[in-house]
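One structure is given here, and the rest of the page talks about it.
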Amino acid sequence: MAEATTIPDSGRKYDLGFARWVYENVNGGDKLSMCMQCGACSGSCPIGTEMDHGPRKLFMMIRAGMKDEVLSSNTMYNCTSCYRCVVRCPRGVPVTYILQDLGRVAARAGYPQATATDNARFAKAFYWSTRAFGRTDERLFTFKYYLSFGIGKAIKMAMANMPIALSLLKTKRMHIGAPHKIKGTAELRKILDKAEEIEKAKQGF
Ligand code: SF4
Ligand code: SF4
């Protein structure tokens, strides 16, 4: 896990200091020097077509010092952590860990791709439901996600997806009534608060 270190900014488009910073501060970044650019990771990735740069290209861009392009990429947020790339990498590069930590670095640095994408909105709504109920309530967390676009768009999105909701209700995959909760949600929140506190201290927020 990266420590509280400021990302260097030379103001140059190709900033080799960024590659050094990634090697030294990003989880798994020290293994990037092992990458031989074979492309097995990108070729194995089931979600590669949804990424603006596959992992192989992103690693090349890190080496080239393309800080802004790397940290503005949607690659880290579209990765599903399936680990196919890790299993297939012939050089043992922990691709998934590197992507996860780069996403965290970009979020901390305020890159909009990290905070304003659909994935980021969805993750926030998911966390909200988990924190509130100890589980996902499909109805509430979906509507919370829709609401992140504003009330007008939320209603339109809800109406557009109504047939799916009705099918889920019909097949008893979604229930009507109060949200189901796990026992001990108060204890769960204390655990999450503590985890957040530890993470903030580690990251120097
Ligand atoms: S599979 Fe491994 S060695 Fe090949 S490009 Fe991806 S990270 Fe580099
Ligand atoms: S872990 Fe991420 S980058 Fe690797 S194959 Fe799966 S989705 Fe693609």
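The values are calculated or read from the model by the stated rules, or taken from the named source; none is laboratory data. Quick caveat, the model's predicted, so the values are computed rather than measured. As a convention, Cβ positions derive from the backbone with ideal geometry for all residues, glycine included, and neighbour counts pool all protein chains shown.
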Filter result for Lys57 (within 11 Å of ligand 1 (Cβ to nearest atom) and touching a residue at least 40 places away in the same chain (Cβ under 8 Å)): no
Helices (runs of 4 or more DSSP H) contained entirely in segment 87-204, each with at least 3 residues that are among the small types (Gly, Ala, Ser): 95-108, 118-133, 151-160, 185-203
Residue within segment 67-83 that is assigned to a helix (DSSP H, G or I), within 6 Å of ligand 2 (Cβ to nearest atom) and either over 13 Å from Phe18 (Cα atoms) or aliphatic (A, V, I, L, M) (or both) present: no
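Condition check ((1) farther than 15 Å from Val105 by Cβ; (2) in contact (Cβ under 8 Å) with a residue 40 or more places away in the chain; (3) within 16 Å of ligand 1 (Cβ to nearest atom); (4) out of contact with any helix residue (DSSP H, G or I) (no Cβ under 7 Å at 6 or more places or on another chain)) across all residues:
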residue: Ser10; (1), (2), (3), (4): yes, no, no, no
residue: Lys31; (1), (2), (3), (4): yes, yes, yes, yes
residue: Met36; (1), (2), (3), (4): yes, yes, yes, yes
residue: Ser44; (1), (2), (3), (4): yes, yes, yes, no
Matching residues in segment 33-57 - criterion: being closer than 24 Å to Phe122 by Cα and either within 11 Å of ligand 2 (Cβ to nearest atom) or at pLDDT 95 or above (or both): Cys45, Pro46, Ile47, Gly48, Thr49, Glu50, Met51, His53, Gly54, Pro55
Tally, over segment 124-169, of residues that are surrounded by 13 or more Cβ atoms within 10 Å (Cβ to Cβ), of a type in the set (A, V, I, L, M) and farther than 18 Å from Arg189 by Cβ: 8
Segment 67-88, residues that are surrounded by fewer than 22 Cβ atoms within 10 Å (Cβ to Cβ) and at pLDDT 95 or above: Cys82, Tyr83, Arg84, Val86, Val87, Arg88
